[in-house]
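Participant: First the structure, then my questions, so here it is.
The values are calculated or read from the model by the stated rules, or taken from the named source; none is laboratory data. The structure presented is a predicted model; accordingly, all values stated were derived computationally and were not measured. Glycine gets a Cβ as well: all are built from the backbone with ideal geometry, and neighbour counts include every protein chain shown.
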Amino acid sequence: MSSVSVVIPCYKYGDYLRACVDSVLDNPGVDVRVLIIDDASPDDSAAKAHAIAASDPRVEVRVHKENKRHIATYNEGLLEWADGDYVALLSADDMLTPGALTRAVALLDANPDMGFAYGHPVHFQHPGPPPPANQGTGETAVYPGHWWLERRFREGTGCITSPEVVVRTKLQREVGGYDPNLPHAADIEMWMRLASHADVGYVKADQAYYRLHGQNMHVDAGAVDDLRERKVAYESVLAKCGHLLPDADRLDAMVHRRLARFALRRAYRAYDRGRTASTPEEELVAFAAECWPDYRSLPEYRGLRVRRRVGAKTMPYLQPLVLSAVAHKGREWLWWRSWSRRGI
């Protein structure tokens, strides 16, 4: 029977711990051990963790005297404590779906060249209950690691939330843990490092519940910071694993162009949504230029120029009528929805 070490970092999430731990322990055919690491919570989270551990010998608890923040806490569990065949990291406010570890372990056991396996995360709004999970039909997929990695560089964004992943412990130790220099993008950077060394598995089922707190709104003021963090993450992967990738230069150009397009898209969408006052347009354009010196040739930049001409006050009213701003034989033009299509 394969074993899984599950690390559950907790900071003021004691109220969620019981449901989280129960979802981990309820996985038939898998030898599961759990470590709850309370990162010096100022409430009764540590006491609740100890109560859970007292009721089940498979659960251990560590309590920090001082807050070490999330990256250090993650790595403590993943690199210092975990000794199972596989390891998973699960935030205390999230949960696994029924049988998630059983499905992931079966896939990893059957594919020794696979570094990690993941599936579909179900996002649900707190405080409501999670919806029923789709446990799939047993279908899985195996992706060559470098192919999967190239997709991440082509898209310029991640496809994993986090709780739905199970990693081969030996490989986790080989590549190291979360990078403390990437507090907001360390997860995607690590998945890519793992994929540079091994194949990637996908379980075609709901594998975890990700709890949404509040409105989970993205703040425009952080748009540049998010892109910069992603940029550093991709550059970090190439710096650490480029020797394993024969086409590292092509991947580098691919992701920098993609990130430039993301920045320009965020800039022009601010006009569509009437949010130019809160969006750092000039910073976004400067970031695009930093990533891709020929940014003016990108379709997103042409879209931004069109919106600048229309104006921030007018654009929100016209945006529903505008399909796109495109280049045609060197000329910029707006494509308007035809009134004839509405039968008028």
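Participant: For the stretch 176-190, give me the residue count where each residue is in contact (Cβ under 8 Å) with a residue 60 or more places away in the chain and part of a helix (DSSP H, G or I).
Facilitator: Matching residues across the stretch 176-190 total 1.
Participant: Restricting to the stretch 227-263, and then to whatever is surrounded by fewer than 17 Cβ atoms within 10 Å (Cβ to Cβ) and not in a helix (DSSP H, G or I), can you tell me which residue is modelled with the highest pLDDT?
Facilitator: Residue satisfying both the conditions and the ranking: Asp247.
Participant: Do we have any residue at all in the stretch 44-52 that's in a strand (DSSP E or B), within 22 Å of Ala208 (Cβ to Cβ) and in the same structural domain as Ala100 (by TED's automatic domain parsing)?
Facilitator: Taking every residue of the stretch 44-52 in turn, none turns out to be in a strand (DSSP E or B), within 22 Å of Ala208 (Cβ to Cβ) and in the same structural domain as Ala100 (by TED's automatic domain parsing).
Participant: Restricting the search to the stretch 17-27, which residues are at pLDDT 95 or above, surrounded by fewer than 20 Cβ atoms within 10 Å (Cβ to Cβ) and over 23 Å from the mean Cα position of the chain (by Cα)?
Facilitator: Arg18, Asp22, Leu25
Participant: Just for the stretch 103-130: of the residues that are surrounded by fewer than 22 Cβ atoms within 10 Å (Cβ to Cβ), more than 21 Å from the chain's Cα centre (by Cα) and farther than 21 Å from His146 by Cβ, which one is modelled with the lowest pLDDT?
Facilitator: The qualifying residue modelled with the lowest pLDDT is Gly128.
Participant: What's the number of the condition Asp38 fails, among (1) farther than 30 Å from Asn181 by Cβ; (2) buried (at least 17 other Cβ atoms within 10 Å of the Cβ); (3) out of contact with any Leu (no Cβ under 7 Å at 6 or more places or on another chain)?
Facilitator: (1)
Participant: Can I ask one more? Counting residues that are of a type in the set (S, T, N, Q), which helices (runs of 4 or more DSSP H) fully inside the stretch 54-169 reach at least 1?
Facilitator: 69-75, 100-110
Participant: Quick one: which of Phe153, Phe116 is among the hydrophobic types (A, V, I, L, M, F, W, C) and either under 30 Å from Ala270 (Cα atoms) or in contact with a His (Cβ under 8 Å, 6 or more places away or on another chain) (or both)?
Facilitator: The conditions single out Phe153.
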